[in-house]
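Laboratory data are not the source of any read-out in this text; all were calculated from the coordinates shown. As the structure is a computational prediction, the values presented were derived from the model and not from experiment. Neighbour counts are summed over all protein chains in view; Cβ atoms, including those assigned to glycine, are modelled from backbone coordinates with ideal geometry.
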Amino acid sequence: MRPSDSPEMDAAAAAGDTGPQFAQHALESLFEISPDAIFVTDARGVIRSANSRAAELFGYTTDELNGLAIERLIPERFRSRHPSHRENYHAHPRTRQMGAAINLFALRRDGTEFPVDIMLKPLETPSGNMVLSFVRDVTEQHEAHELARQSDLQLRSLLTSVSDYAIYLLDREGYIATWSPGAERIKYYTSDEIVGKHFSRFFTHEDLERGRPAELLRLAADRGRIEEQGWRVRKDGSRFWANIILTAIRDTTGELTGFAKVTRDFTDRKRAEESVMLQLSTALLGSMNVQKLLGAISVSLREVVPHDCATLGLYDSGSGTMMVEFLGPEEGDGRTRNLSIPIEGSPASESFRTREPIVLEPLQGSACKPEAIRHLTSLGMQSACCIPLIQRGEPIGTLTVASRLERAFGQREVEMLLQVADQITMAVSNVMVFRQIADMRDRLSQEKRYLEEEINLENRFEDIVGESGGLRQVLKEVETVAPTDATVLIQGETGTGKELLARAIHRLSERNDRTFIKLNCAAIPAGLLESELFGHEKGAFTGAIGRKIGRLELAHEGTLFLDEVGELPLDLQPKLLRALQEKEIERLGGSRPIPVNIRLIAATNRDLARMVEEKQFRSDLFYRLKVFPIFASPLRDRAGDIPTLVKHFVSAHSRRMGKNIETIPHATMEALCRWPWPGNVRELENFLERAVILTRGSVLYVPLAELETKATKATVEVEQATLQVAEREHILRVLRETKGLIGGPDGAAARLGLIRTTLNSKIKKLGISRSDYM
């Protein structure tokens, strides 16, 4: 026998099986391994056979299923109709698929139901006509279908409810596939009118000419998502300002299948922005006045959101507070037009920190600190809305609008304020720049005027002249303290060159490239001294016709030299002390703190320690000034420098007057060296200037008779008093250097060239106590 092409047939033949027997064997195998439940029923609907999957699926054994009526596996609500369906099938037997269009359910032994698909097939047997039923559990498919149906219903419900958005789908070429009620409301097309049309019909003629629709599809496909704003066209030809988001849709393989498009009508926002920008631009072009610009912001805000009060808060990092200004001339009152409020606990702080709008309803009783909202509640405000102002990604301040009505600010008002926030931020930024420019202009103008005055002063000391030990000691102290930022107090008699020492300290300091500002406290009336120091705003007092920059502000980043500081009025001393400690000032009539970073050098010819004891000078300011004291020695203590000074002054004045003086007589020089010079270097210079004027030839003529006539009793008394002050300061300096040690080889007595008992007598006579030098 020839082998067949079927191994199964060969195996069956080897086993002695015939063809029908093999078919029966194969059928029985398929019957048992089928993933579906299989039933064989007769014309009465009685189960004659069932496979193992049927027993497993319905919860019976195969023996229990055999002989069971098929209706027992059908839910009770369907049983009454089943016999008629069975009879109809036996009358017209055919292979039939059931469950694709109707919901069929089966019943397990435990009473639970599950969805099924059924296929019926007629079967002829020796015992009569049978029905072969294939039953498949489609629970998972049913659940997936139900989930998809629910999602579709939710999506349709969402699209129907969102009437402010036009949401629709495009195919790959840009043809409209779906249309939402919001799209119909915004663009006036019905679904029947627009589905299947290309979305380019929404674009303006200008955009069509430059190929904008195709460009948007290309950009969305490349980037995945794009967002833009621009003009779009409705069905009636009218234009509206649209915010558009276009998102590419891809399948699981990454293939582009279409686009999702969301459009929102921003015409109201565009008009509000244009209105605000027009008014702000008009204000900017028409005037550089800050208050007019702030007033323009107020007017623009009222057109956008009705309110009773608006404030602008700018954060000051130096003080950690919010500097608040009321917008508009009619807002606020005289006490609250400009004020500083704490950043913590205020609505501005929360908005500033989170960069989100904050609505307070009601204003009273909110979580804000009472002092942070008192400027609003005192005006009767009941509700408020605070909007952050963001510039280049960083908050610079806040805009607050308030109303006397409760619940005055809803979602619409918040959105409108957010819409114009960028324009207001731009205007506020301009305000800040204008202020800085105005301040800089005023400062440079007054600094220029001050420097011109300085140039015109008769200050021709190009250097400190002298070689004496006392002067070298002072210069060593200057060299030591100059690189630091310490406050220096220069003490000494009139004419000893205290200003020269101050300028030398500035020149050797790290501030030498900034301004050196001088103020003589004795040369300015007490009533004007505060204005000279701190400056004033226009209208701060009678006669203040313009803004004035004070000397403290002019010396910012530089050095301020207060000459004759002992003449500073008592009521002004605490204000100066506060400025030095807090490093900020306020101009007279102003409310905005101004940072001042200065190096202070003070000078005096008075005994400040005694003035403190006599309550003529504040002790706290005295100790603040006396961080590093320097004593400028009188000329009589450095007589060895007189010849050098004489030659220096004679040479300088001769060049200025065009004279050629070559000789100074020896007798003249000796006379000049003998004179005590109570007016010190200044007196010496003035005397030599007069001598140069009187000189006719190349030999200096000095009117020595003038020196002799000056030796009056009054001069001697003044000289003695001045000498006592100088001697006291000199002894104090040595005592400080020796840390109070009087005797011994390193003591103060040895350094001063005195015996110990003599020094003790002088200490007692001059009223020196241990607390003065320890």
Förster radius 35 Å - calculated FRET efficiency between ASP422 and TYR188, Cβ distance, rounded to 0.05: 0.70
Amide H contacts of PHE105 (H built 1.01 Å from N, under 5 Å, at least 5 apart or other chain): VAL116
Positive dipole terminus of region 486-533, leading residue within SER509, ALA526, THR496 (C-beta point charges): SER509
Kirkwood Rh in Å, taken over all unlike Cα pairs in region 376-425: 11.7
Two-decimal Rg/Rh across region 347-394, once Rg and the Kirkwood Rh are taken from alpha-carbon atoms: 1.01
Segment GLU670-THR494, extension gain: residue separation times 0.36 nm, minus the distance between their alpha carbons: 61.0 nm
Principal semi-axes in Å for region 484-571 [√(5λ), Cα gyration tensor, largest first]: 26, 17, 9
Length added when fully stretched, ARG656-ASN760, from 0.36 nm per residue minus Cα-Cα: 32.4 nm
Using a Förster distance of 60 Å, the FRET efficiency for THR663-SER317 (Cβ separation, nearest 0.05): 0.35
Within region 609-625: backbone nitrogen closer than 18 Å to the SER769 label point (7 Å, Cα to C-beta): 609-623
Radius of gyration, Dmax [region 618-667; alpha carbons; angstrom]: 18.8, 53
Contour excess over end-to-end distance, with Cα ends at THR61 and SER619 and 0.36 nm allotted per residue: 189.9 nm
Hydrodynamic radius of region 543-657 per Kirkwood, over alpha carbon pairs, in Å: 17.2
Estimated FRET transfer efficiency (LEU147, ASP110; beta-carbon r; R0 25 Å; 0.05): 0.45
Point-to-point label distance, ILE249-ALA221, nm (Cα→Cβ direction, 7 Å offset): 1.6
